[in-house]
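Q: Below: one structure in structure tokens.
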Amino acid sequence: EAGVAQSPRYKIIEKRQSVAFWCNPISGHATLYWYQQILGQGPKLLIQFQNNGVVDDSQLPKDRFSAERLKGVDSTLKIQPAKLEDSAVYLCASSLVVPIYFGEGSWLTVV
Amino acid sequence: DAKTTQPTSMDCAEGRAANLPCNHSTISGNEYVYWYRQIHSQGPQYIIHGLKNNETNEMASLIITEDRKSSTLILPHATLRDTAVYYCIAHAETSGSRLTFGEGTQLTVNP
């Protein structure tokens, strides 16, 4: 069974630039999550989708972060404009219920 | 999710059993104990979960005390590839599927 796919794996951008991350969940998984993980900390949930609807985006900094899940499958997470403190790993995960399964993550460095 | 407390770091000799403790003294009756691990540069990997009874799979064993206030994840024969951060999470399925991660335990397996 294929796992959660994410791209790009690594990205370096300058502050105030924009970046987008893509995620393809495990086939059949209705729930999709984006987590942010800052170095040395545990992952923190940014947004949760159920099919193509948002379940929880209370921790998403909406002034600069946006996410969508068109057709209830793939998802993109965008940051615009990026700040230095956005340097982190952005993890996509999917599930039927629990447990949830994570991708390898997209490493973002903002300089 | 109930708060969990784990040691910040632990060491283990290669080939020996690694016993990772987790305290969850305020766990509710419907909360499961989940364990994930995160090897450097990878996304978190699901290991095992349980409610009351001890559980075992190909990766590890989970021992939950009778009062459910603590648990231990056991890696029976640790290898260098088991070096990772291990996260213990108490979570009820009735509160949705999002998992809240703490800081975890950095397990270092030494040759």
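Just so you know, all these numbers are worked out from the coordinates, no wet-lab data involved. What you see is a predicted model, and the numbers here were worked out from it, not measured in a lab. Please note: Cβ atoms are built from the backbone with ideal geometry, for glycine as well, and neighbour counts cover all protein chains shown.
Q: Quick check on chain A: what are the equivalent-ellipsoid semi-axes from the Cα gyration tensor, as sqrt(5λ), descending, whole Å?
A: Those come to 22, 14, 13 Å.
Q: As a footprinting exposure proxy, order B:100, B:56, A:31 by other Cβ within 10 Å, with the fewest listed first.
A: Lowest to highest Cβ neighbour count: B:56, B:100, A:31.
Q: Continuing with the same structure: Fewest to most neighbouring Cβ within 10 Å: what's the order for A:39, A:46?
A: Least crowded to most crowded, the residues run A:39, A:46.
Q: Could you work out the mean count of beta carbons from other protein chains within 10 Å of each residue's beta carbon in B:17-29?
A: That average works out to 0.
Q: Ranked by Cβ crowding within 10 angstrom, fewest neighbours first, how are B:67, B:11, B:82, A:74 ordered?
A: B:67, B:11, A:74, B:82
Q: Residues with amide H under 5 Å of residue A:87's amide H, sequence separation 5 or more or different chain, H placed in the peptide plane at 1.01 Å from N; which?
A: So residue A:87 has HN proximity to A:110.
Q: At R0 = 45 Å, how high is the FRET efficiency between residue B:110 and residue B:25 if r is their beta carbon distance? Nearest 0.05 is fine.
A: Once rounded, the FRET efficiency stands at 0.90.
Q: Moving on to the next point. Taking loop as defined by DSSP and a crowding limit of 13 other beta carbons within 10 Å, which trypsin sites (Lys or Arg not before Pro) in region A:1-99 fit?
A: Numbers: sites: A:9, A:11, A:15, A:16, A:44, A:62, A:64, A:69, A:71, A:78, A:83; in loops: A:9, A:15, A:16, A:62, A:64, A:69, A:83.
Passing sites in region A:1-99 are A:9, A:15, A:16, A:62, A:83.
Q: Roughly speaking, what is the centre-to-centre gap between region A:53-92 and region B:90-111 when only Cα atoms are used, to the nearest Å?
A: Computed from Cα coordinates, the inter-centre distance equals 22 Å.
Q: Once amide H atoms are placed 1.01 Å from N in the peptide plane, what residues at a sequence separation of 5 or more from residue B:106, or on another chain, have their amide H within under 5 Å of its amide H?
A: It is B:9, B:10, B:86, by chain and number.
Q: Once phi is turned into θ = phi - 60°, what whole-Hz ³J(HN,Hα) does the Karplus curve with 6.51, -1.76 and 1.60 give for every residue of region A:45-52, x standing for Gly and Pro?
A: Those phi angles translate into 5, 9, 7, 10, 10, 10, 6, 10 Hz.
Q: Assuming R0 = 30 Å, what is the FRET efficiency of residue B:92 and residue B:66, from their Cβ-Cβ distance, to the nearest 0.05?
A: 0.95
Q: In nanometres, what is the gap between the two model label sites at residue A:9 and residue B:5, each 7 Å from Cα along Cα-to-Cβ?
A: Reported label-point gap for residue A:9 and residue B:5 is 4.0 nm.
Q: Classify chain B from the C-alpha gyration tensor, please: rounded if a/c falls under 1.5, else prolate or oblate depending on whether a/b exceeds b/c.
A: It comes out prolate by the Cα gyration axes.
Q: Same structure again: Could you rank the peptides B:2-10, A:99-107, B:43-51, B:15-23 by their average count of other C-beta atoms within 10 Å per residue, with the highest value first?
A: Result, highest mean Cβ count within 10 Å first: A:99-107, B:43-51, B:15-23, B:2-10.
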